[in-house]
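Asker: A single structure is presented below for examination.
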Amino acid sequence: MSSAAPPPFRLDNEHLAFRFTATLSDRHGVPVERLPDPGRLRDWLRVNGLDLAGTAPTGNDLDLARRLREAIHRAGTAVAAGTRPAGADVELINRLAGRCGAFPVLEADGVRWRTRSRAPVSDALGVIARSAVETLGGAARERVKSCDDPACRGLYVDTSRGRNRRWCSMNTCGNREKKSRLRGRPAAP
Ligand SMILES: [Zn+2]
């Protein structure tokens, strides 16, 4: 097994902005950086339909992407806690959302993002920033939560009827909790 293989993406969050924040996981434990270099940023944009003009991201693009990611994570954490997001985080999200030149087009099999600008990576980040504006400011706002796993604290929107979902993902954090609970259970006679 190659030790050079980058950690896989976690793509099961239905909200684009939160799927993006999941590219850094276990922020409060042993963090896993899933965007270690500009090439992986490009991979992430591609699998999310945002590799707009086939332009390879630069180191500066990666830096901006990570700053946006952490701004969304902090702002989302504040919303989940019922407090006000920091002004600098809101400003960065709004700036990238506001200068986004990308637009959705309807195609036979669904929606695709396109751009006519010369800054396709910035436009792709703008689409993510707009998703943050909509998720943190719109109808989903009341249902934004942070994962109960103390190492994770990943963001999600709780669409469960009883508003009692606890994990960002049942496949990762939910399973982790279940396993530790089972380990702590007395052995069957
Ligand atoms: Zn989690």
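Asker: Stretched out fully, how many nm does the piece from Thr83 to Val105 gain, at 0.36 nm a residue minus the Cα gap? Please list the in-between numbers first.
Answerer: Details: separation 22, 0.36 × 22 = 7.92 nm, distance 3.60 nm.
Full-extension gain reported as 4.3 nm.
Asker: I need the phi-derived Karplus couplings for the range 53-65: 6.51 cos²θ - 1.76 cosθ + 1.60, θ = phi - 60°, integer Hz, Gly and Pro marked x.
Answerer: Karplus-based 3J(HN,Hα) across the range 53-65 equals 10, x, 8, 6, x, 9, x, 5, 4, 4, 4, 5, 4 Hz.
Asker: Continuing with this model, one more query. What Cys residues in the chain are without a partner cysteine, judged by a Cβ distance under 4.7 Å?
Answerer: Lacking a cysteine Cβ partner under 4.7 Å: Cys100, Cys173.
Asker: Right, something else. Show me 123-133, 28-38, 47-57 ranked by packing, highest mean number of other Cβ atoms within 10 Å first.
Answerer: Details: 123-133: 24.4, 28-38: 14.0, 47-57: 16.9.
The most tightly packed comes first, giving 123-133, 47-57, 28-38.
Asker: What number does the range 1-110 give for Rg over Rh if you use C-alpha atoms and the Kirkwood radius?
Answerer: 0.98
Asker: Looking only at Cα atoms, what is the convex hull volume of the range 26-175 per residue, in Å³?
Answerer: Working: hull volume 20.5 nm³, N = 150.
Per residue, the Cα convex hull of the range 26-175 comes to 137 Å³.
Asker: I'd like the orientation of helix 87-98 relative to the chain: the angle between its Cα long axis and the longest Cα principal axis, in ° from 0 to 90, rounded to 10.
Answerer: Here the helix axis deviates by roughly 50 degrees.
Asker: Quick check: the angle from helix 120-137's long axis to the longest principal axis of the chain, C-alpha only, nearest 10 degrees?
Answerer: 50
Asker: Kindly provide the helix-only [θ] at 222 nm of the chain, computed as the sum of -39,500 (n - 2.57) over DSSP H runs of four or more divided by all residues, to the nearest 500 deg cm²/dmol?
Answerer: On the way: 6 runs with 78 residues, N = 189.
That calculation yields -13000 deg cm²/dmol at 222 nm.
Asker: Of the candidates Val90, Val121, Val111, which one comes out as most mobile in a Gaussian network treatment of the chain with C-alpha springs shorter than 10 Å?
Answerer: Val111
Asker: List every residue whose amide H lies under 5 Å from the amide H of Asp51, counting only residues 5 or more places away in sequence or on a different chain, with H placed 1.01 Å from N in the peptide plane.
Answerer: Hits under the 5 Å cutoff: Arg46.
Asker: Between Asp26 and Arg112, with labels modelled 7 Å along Cα→Cβ, what's the label distance in nm to one decimal, could you check?
Answerer: 3.9
Values quoted throughout were computed directly from the atomic coordinates according to the rules given, and no laboratory measurement underlies them. Source: prediction; values computed, not measured. Counting neighbours? That spans all protein chains shown, and the Cβs are built from the backbone with ideal geometry, glycine included.
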